[in-house]
Amino acid sequence: MRKVLKTSLLFAFLIVGFFVFDWRASIVLSSAEIETNEKEFNAAPSVKKLYQANCARCHGADGRGETEAGKLYDAPDISGARVSRKRAETVIRNGADSMPAYGKKFSKAQISSLADYVRKL
């Protein structure tokens with residue numbers, strides 16, 4: 001009888017332990033997800049700064065191309081442009097018309113981020 005009671009208690013502790021561990025693991029995963037989201041959120045301003053420092057002089061902060069340099073170089077209105085991400089990356093990397101190529105200046109990650117950014121203007 002004592003052996004059955006000990007086995008039952010051990011089994012009960014194992015079950016409770018499993019649920020506590022599972023619950024704590026989900027908290028840890030949630031914390032990791034929060035840290036990832038914070039990093040992505042904090043990365044957004046750097047993409048905006050990259051755009052402002054390199055693209056906005058022609059395309060404007062809003063992407064409409066209504067700047068003096070934009071009018072001079074006939075920069076297209078890229079606000080609301082419906083181009084694929086691949087096409088946007090290609091144009092940023094290789095240039096187009098009077099737009100210079102940025103493939104040697106920017107990393108692949110920066111080009112990808114810029115492509116996403118300009119597609120959301």
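Select from segment 83-119 the residues that are under 21 Å from residue 48 (Cβ atoms), part of a loop (DSSP other than H, G, I, E, B) and of a type in the set (Ser, Thr, Tyr) and list them in ascending order.
102, 107, listed by residue number.
Out of 61, 44, 53, report the one residue that is closer than 29 Å to residue 117 by Cβ, at pLDDT 55 or above, in a loop (DSSP other than H, G, I, E, B) and not hydroxyl-bearing (Ser, Thr, Tyr). Walk me through how you get there before you give the answer.
Values: 44 fails: in a loop (DSSP other than H, G, I, E, B); 53 fails: in a loop (DSSP other than H, G, I, E, B).
None of the others qualify; the one that does is 61.
Determine the pairs where a residue that is within 23 Å of residue 72 (Cα to Cα), located within segment 89-107, has a partner that is acidic (Asp, Glu) with Cβ atoms under 9 Å apart, the partner being 6 or more residues away or on another chain.
97/74; 98/74
The values are calculated or read from the model by the stated rules, or taken from the named source; none is laboratory data. Note that this is a predicted model, so its numbers are computed, not measured. Here the Cβ is made from the backbone with ideal geometry for all residues, glycine too, and neighbour counts use every protein chain on show.
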